[in-house]
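First up is the structure itself, then whatever we jot down about it.
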Amino acid sequence: MLSCRLHIARVVQLVSLTMPLPRKKQCLRSVRWRLAVCASCVFLIGAGAAPQTDEPGDTRERFIKLDGEIQAIKEEILEINRDILLLEELSLYPHAQQLIVLVSVANNSSINPATISLQLDGHTVSHHIYSGTEEAALQEGGVHRLYTGRLTDGEHRLEVSVTGKQGRGQAYNQQRSVVITKAPGRKYLELHLGPVENTAEPGLIIREWKR
């Protein structure tokens, strides 16, 4: 499986260096599909590998050993899929052209976001509906990656729309529009829901992370 993992990494890196974007997406989907087929074959072979003529004790030991091997293969496949996702992101969105938008909620914020929509230059690039579990995670200090994408250098208009609840179940709705400047390199923006500076009122603050 390790050699398979290294082979997949080489394939994805080659795709990243040599193919245009539409072909990259098609090829990476093909790599994922072949990985799923290989995994299915491994499990089918394993399922039919137990001998039918062993004593009951030997059969049980073989099944225990086989189950351990299958679990190890499952873990390795999960790691390979994670690596493919990371390589795919790097392939489709090179570091020098990346925009990453994160969402956070202040510890004492009364805002519970229900939906957040993000537009770049008039085009909707992300719309996320938050589950109860995600809301709780944000309230406990978690950070949600709302968007990762390619952005050219220069000025761009960013528009954010947030809906949700605040206080005692009151509806919350806010829109913000700002102009951001993309310089060479990866750019991070944080959409922070919490008290606005110099006031006690909750609001949406757009922060740029300094490198």
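The values are calculated or read from the model by the stated rules, or taken from the named source; none is laboratory data. Model, not experiment: these values are computed from the prediction. Counting neighbours? That spans all protein chains shown, and the Cβs are built from the backbone with ideal geometry, glycine included.
From the list 155, 190, exactly one residue is exposed (fewer than 11 other Cβ atoms within 10 Å of the Cβ) and assigned by TED's automatic domain parsing to the domain that holds residue 103. Which is it?
155
Checking the condition surrounded by 15 or more Cβ atoms within 10 Å (Cβ to Cβ) and either of a type outside the set (Gly, Ala, Ser) or outside the structural domain of residue 103 (by TED's automatic domain parsing) (or both), which residue from 202, 184 passes?
The match here is 202.
Report whether or not residue 161 is in contact with a helix residue (DSSP H, G or I) (Cβ under 8 Å, 6 or more places away or on another chain), surrounded by 12 or more Cβ atoms within 10 Å (Cβ to Cβ), of a type outside the set (D, E, K, R) and at pLDDT 90 or above.
It is false that residue 161 is in contact with a helix residue (DSSP H, G or I) (Cβ under 8 Å, 6 or more places away or on another chain), surrounded by 12 or more Cβ atoms within 10 Å (Cβ to Cβ), of a type outside the set (D, E, K, R) and at pLDDT 90 or above.
When you go through 143, 178 one by one, which is the residue that is farther than 13 Å from residue 100 by Cα, assigned by TED's automatic domain parsing to the domain that holds residue 125, surrounded by 11 or more Cβ atoms within 10 Å (Cβ to Cβ) and not aromatic (Phe, Trp, Tyr)?
Criteria check complete, one pass: 178.
Just to verify a result, which residue in the range 190-211, among those that are of a type outside the set (A, V, I, L, M) and within 13 Å of residue 166 (Cβ to Cβ), is modelled with the lowest pLDDT?
Only one residue fits best here, namely 201.
Does residue 181 count as in a loop (DSSP other than H, G, I, E, B) and among the hydroxyl-bearing types (Ser, Thr, Tyr)?
No, not satisfied.
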